[in-house]
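K.L.:
The structure follows.
The values are calculated or read from the model by the stated rules, or taken from the named source; none is laboratory data. Computed from a prediction, not measured in an experiment: that's the story for all the values here. Every residue, glycine as well, gets a Cβ built from its backbone with ideal geometry; the counts of neighbours run over all protein chains shown. Only protein heavy atoms, including side chains, enter the accessible area calculation; ligands, DNA and RNA are left aside. Shrake-Rupley method; radii C 1.70, N 1.55, O 1.52, S 1.80 Å.
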Amino acid sequence: MSEILDTVITYLKSMHLSYEIKPIKGEINRIKVPYRVPEQNLQFDVVIDVSGNFVRFWTLLMLHNKIRSKKKREKLYLELLQANGHLAEIKYFITKRGDVGIVGHEGIKVLTIDGFRDEFRAIPYGIVYFTTVIAKKTKISLTLPSTDELSFYT
């Protein structure tokens, strides 16, 4: 396992979070962290991996087939773009298929426990924002995808 992933595991342990190491293509390069926001009745996995010079924190929020209407999809994309300009530490993304997710990055060279915690905690905040603000504005009923549907973003 890489030195960076060892550091990530140390940070997760210090935050008292459980995790699962997921080998991708025979290498250990992804960590899945189950997380709950009880007051919002949300349960999801934060995926942590190393991408170039960054530790990346991400999860999938919505599959592309949830919105069939082009007009509704455009409204969602506009809300996501505006949120990206207003929110710190996290960004919403859209895949080529049209799936929606949330991602944060922390530079490997500046990785500290405080920066790691801030980036990690930004993901649940962004999910709550998506479910309580964006989904309501766009009138989207939302069910977070299952863990098995997270493999697309590598």
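K.L.:
Only one of Tyr19, Tyr11, Tyr77, Tyr35 is closer than 20 Å to Lys137 by Cα and among the aromatic types (Phe, Trp, Tyr). Can you tell me which?
P.N.:
The match here is Tyr77.
K.L.:
When both residues are 6+ apart or on different chains and their Cβ atoms are under 7 Å apart, which pairs have a first residue that lies in region 2-16 and is touching a residue at least 40 places away in the same chain (Cβ under 8 Å), and a second that is aliphatic (A, V, I, L, M) and in a helix (DSSP H, G or I)?
P.N.:
Within 7 Å, the pairs are Ile4/Ile108; Tyr11/Ile113; Ser14/Ile113.
K.L.:
Let me ask something additional. Which one of Arg121, Arg97, Arg117 is touching a helix residue (DSSP H, G or I) at 6+ places or on another chain (Cβ under 6 Å), farther than 17 Å from Asp49 by Cβ and of a type in the set (Lys, Arg)?
P.N.:
Residue meeting the stated conditions: Arg97.
K.L.:
Also: What is the number of the single condition among (1) touching a helix residue (DSSP H, G or I) at 6+ places or on another chain (Cβ under 6 Å); (2) buried (at least 19 other Cβ atoms within 10 Å of the Cβ); (3) in a helix (DSSP H, G or I) that Ile127 does not meet?
P.N.:
All conditions are met except number (1).
K.L.:
Identify, from the list Phe54, Phe120, the residue that is out of contact with any Pro (no Cβ under 6 Å at 6 or more places or on another chain), among the aromatic types (Phe, Trp, Tyr) and open to solvent by less than 70 Å² (accessible area, probe 1.4 Å).
P.N.:
Going through Phe54, Phe120 in turn, just one is out of contact with any Pro (no Cβ under 6 Å at 6 or more places or on another chain), among the aromatic types (Phe, Trp, Tyr) and open to solvent by less than 70 Å² (accessible area, probe 1.4 Å): Phe120.
K.L.:
What are the residues in region 68-102 that are of a type in the set (Val, Ile, Thr) and open to solvent by 10 Å² or more (accessible area, probe 1.4 Å), if any?
P.N.:
The answer is Ile94, Thr95.
K.L.:
Continuing with this model, one more query. Please enumerate the residues belonging to region 1-51 that are open to solvent by 60 Å² or more (accessible area, probe 1.4 Å) and of a type in the set (Gly, Ala, Ser).
P.N.:
Passing the criteria: Ser18, Gly26.
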